[in-house]
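Trainee: Take a look at this one; I'll ask things after.
The values are calculated or read from the model by the stated rules, or taken from the named source; none is laboratory data. Keep in mind the model is a prediction, meaning the values are calculated, not measured. A quick note on method: Cβ atoms are made from the backbone with ideal geometry, for glycine too, and the neighbour counts reach across all protein chains shown.
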Amino acid sequence: MSAALPSYDEAAAIVSAQALEAAHRTPQIERVELHPALGRILAQPLHADTDQPPFARSTRDGFACRASEASTHNFLQLAGASRAGDAPAGPLPEGHAWEIMTGAPIPPGADSVLMIEHVETSGDMVRLLPPRTIKPGENIVEQGAQARKGDELLPVGSTMHAAQIALAATCGHAALDVFRKPRVAILTTGDELVPVSSTPGPGQIRNSNAPMLAALVKSAGAEPWVLPTTADTAEALDAALAVAVEADLLLISGGVSAGKFDIVEPALARAGARFHFTGVRIQPGKPLVFGDTSLSRADTDQNQNGTKCYFFGLPGNPVSSAVTFLLFAARVLGALSGSRDSGPRFALARLATGSGKPGKSDLTRFLPAFCTFSASLGQLPEVELVPWAGSGDLAALARSNCFLVVPEDAGRLEAGSIVRILLP
Ligand code: AMP
Ligand code: MG
């Protein structure tokens, strides 16, 4: 049965192909100020409004000079002084030096800056201490060395982190055009679920997936839209889906396994779904469902993606939901956001202790693990499995900071072996 299911790589390729298609539809654009631009996706390329830096400037406190003169070690007379914020001054007369502070414009005629730590001063005279010499260009950043006026500094689709925000500020942008965040409906299903504020009765549990998925969606730069929890009946699900498909992406938690009350797939089919896969050879997360559906109504105001709503039916177990979100839903979400850089992030690490007995051989496994990133030079980060009691073990998930990837057909992974990890 499971042999007919796509492998992790095959499923990832299917999701990537759909994500590429989704990326062709440009999201709507809105203008935001610089601070709220954090995490947003740039909708217009960012250009340099002037040369960067706008003038040749000193990178040191010291003395601007001609390198050939300073390297003779003769004393040079001071002809002036400039500090950061001063207008460019000069020119520098021959045989002279110019006192200068970090960030100040270089006086014309000077080709280098002596560091204050490398000179001897005497009254208004300064000389480079032998045996040190200096070459033209030292301790100067030339005008336009970082960028020329009009250069594209950031392309459309860049994520605005701290450095990108600083770059926008330096180019004079107090506000930026960014893509509207995709709206992600979160629909949790299950008769056993009670709200967080309730005390569960016999056989009941609190709904932890709704806040977890909302947090994952927010971390991915999208807008969570948490819908009321739905009972495991066809009627309830049909009614919920009719509303939920107005989103750009729909995450349905629970109800996709093979049990009697796993009624999500038939409900999606009734809602006109096209399924791209129904199950993947991974653990946890094997029952994952991926597809898209069209809106029956013309009103696409809330949906940025034309009439299409992508959906994932995530297995209800918390670890399964988290892993399948990171592996697959994040990729589609990135595309819907207009991001250039989305999808699961993997890294290499060294396994600290062996992986225990091998699991089922035809599944790629993603096991909660903890990676210590303080690697010294030439050493990979060390990763260790977090003991867990299966895909419902939220406590293990919360103690982990990554997932160890165990390839299909891998036997026991030995301590010291190089492994892949999935990063959150
Ligand atoms: P299901 O995928 O609906 O078969 O659920 C698999 C397991 O995940 C069951 O033990 C459920 O009780 C649990 N589960 C389902 N939905 C949630 C949720 N929203 N929060 C926490 N656990 C859940
Ligand atoms: Mg269920």
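Trainee: Within the set of pairs 6 or more residues apart or between chains, which connect a residue that is more than 16 Å from ligand 2 (Cβ to nearest atom) inside region 319-341 to a residue that is among the β-branched types (Val, Ile, Thr) and in a helix (DSSP H, G or I) with Cβ atoms less than 7 Å apart?
Mentor: What qualifies is Phe328/Val15; Arg331/Val15; Val332/Val15.
Trainee: Among the candidates Ala267, Ala247, single out the residue that is at pLDDT 95 or above and within 14 Å of ligand 1 (Cβ to nearest atom). Give the steps one after another, and end with the answer.
Mentor: Working: Ala247 fails: within 14 Å of ligand 1 (Cβ to nearest atom).
When all the criteria are applied, what remains is Ala267.
Trainee: Search region 27-61 for residues being among the polar types (S, T, N, Q) and under 30 Å from Ser82 (Cα atoms), and hand back the single one that is surrounded by the fewest Cβ atoms within 10 Å (Cβ to Cβ).
Mentor: Thr59
Trainee: Output the number of the condition that Pro108 fails; it satisfies all remaining conditions of (1) crowded, with 17+ Cβ neighbours inside 10 Å; (2) in contact with a Leu (Cβ under 8 Å, 6 or more places away or on another chain).
Mentor: For Pro108, the exception is condition (1).
Okay, residues lined up against (1) part of a loop (DSSP other than H, G, I, E, B); (2) hydroxyl-bearing (Ser, Thr, Tyr); (3) surrounded by 12 or more Cβ atoms within 10 Å (Cβ to Cβ):
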| residue | (1), (2), (3) |
| --- | --- |
| Thr121 | no, yes, yes |
| Ala145 | yes, no, yes |
| Lys149 | yes, no, yes |
| Leu153 | no, no, yes |
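Trainee: Return the residue satisfying two criteria in turn: it lies in region 171-192 and is in a strand (DSSP E or B) and charged (D, E, K, R), and of such residues it is farthest from Ala37 (Cα to Cα).
Mentor: Of region 171-192, the ones in a strand (DSSP E or B) are 175-179, 183-189.
Next, from what is left, pick out any that are charged (D, E, K, R): 177, 183.
Working: Asp177: 9, Arg183: 17 Å.
Only one residue tops the list, namely Arg183.
Trainee: If I filter region 303-326 down to residues being among the aliphatic types (A, V, I, L, M) and in contact with a strand residue (DSSP E or B) (Cβ under 7 Å, 6 or more places away or on another chain), which single residue comes out as surrounded by the most Cβ atoms within 10 Å (Cβ to Cβ)?
Mentor: Step one: list which residues in region 303-326 are among the aliphatic types (A, V, I, L, M), which gives 314, 319, 322-323, 326.
So of that shortlist, the ones also in contact with a strand residue (DSSP E or B) (Cβ under 7 Å, 6 or more places away or on another chain) come out as 314, 319, 323, 326.
Numbers: Leu314: 31, Val319: 24, Val323: 27, Leu326: 23.
Across region 303-326, the extreme among qualifying residues is Leu314.
Trainee: Residue by residue through region 67-77, note down the ones that are surrounded by 19 or more Cβ atoms within 10 Å (Cβ to Cβ) and out of contact with any Gly (no Cβ under 7 Å at 6 or more places or on another chain).
Mentor: Scanning region 67-77 gives a single hit, Ala70.
Trainee: Let me ask something additional. If we keep just the residues of region 231-262 that are surrounded by fewer than 22 Cβ atoms within 10 Å (Cβ to Cβ) and within 9 Å of ligand 2 (Cβ to nearest atom), which is nearest to Leu187 (Cα to Cα)?
Mentor: Asp232
Trainee: Going by the structure shown, is Ser320 more than 20 Å from the chain's Cα centre (by Cα) and part of a helix (DSSP H, G or I)?
Mentor: On the way: more than 20 Å from the chain's Cα centre (by Cα): yes; part of a helix (DSSP H, G or I): yes.
It is true that Ser320 is more than 20 Å from the chain's Cα centre (by Cα) and part of a helix (DSSP H, G or I).
The rows are residues; the columns are (1) under 32 Å from the mean Cα position of the chain (by Cα); (2) under 19 Å from Gly259 (Cα atoms); (3) away from ligand 2 (no atom under 16 Å from the Cβ).
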| residue | (1), (2), (3) |
| --- | --- |
| Thr189 | yes, yes, no |
| Val194 | no, no, no |
| Pro202 | no, no, yes |
| Ser208 | yes, no, no |
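Trainee: Hey, among the residues in region 341-390 that are assigned to a strand (DSSP E or B) and among the β-branched types (Val, Ile, Thr), which one's surrounded by the most Cβ atoms within 10 Å (Cβ to Cβ)?
Mentor: If we take residues in region 341-390 being assigned to a strand (DSSP E or B) and among the β-branched types (Val, Ile, Thr), then Val383 is surrounded by the most Cβ atoms within 10 Å (Cβ to Cβ).
Trainee: Could you look through region 250-264, keep only residues that are within 18 Å of Ala214 (Cα to Cα) and not polar (S, T, N, Q), and pick out the one that is nearest to ligand 1 (Cβ to nearest atom)?
Mentor: Taking the candidates together, the pick is Gly254.
Trainee: As an exercise: evaluate Gly221 against (1) within 14 Å of ligand 2 (Cβ to nearest atom); (2) on the phi > 0 side of the Ramachandran plot and give the number of the one condition it does not meet.
Mentor: (1)
Trainee: Could you please find all residues in region 253-297 being more than 21 Å from Leu333 (Cα to Cα), part of a strand (DSSP E or B) and without any contact (Cβ under 8 Å) to a residue 24 or more places away in the chain?
Mentor: Answer for region 253-297, where residues must be more than 21 Å from Leu333 (Cα to Cα), part of a strand (DSSP E or B) and without any contact (Cβ under 8 Å) to a residue 24 or more places away in the chain: there is none.
Trainee: Of all residues in region 193-214, which are free of Cβ contacts under 8 Å to residues at least 24 places away in the same chain, outside any strand (DSSP E or B) and either surrounded by 23 or more Cβ atoms within 10 Å (Cβ to Cβ) or in contact with a Pro (Cβ under 8 Å, 6 or more places away or on another chain) (or both)?
Mentor: Val196, Asn207, listed by residue number.
Trainee: Quick one: how many residues across region 215-230 are surrounded by 19 or more Cβ atoms within 10 Å (Cβ to Cβ) and among the hydroxyl-bearing types (Ser, Thr, Tyr)?
Mentor: Residues meeting the conditions: 2.
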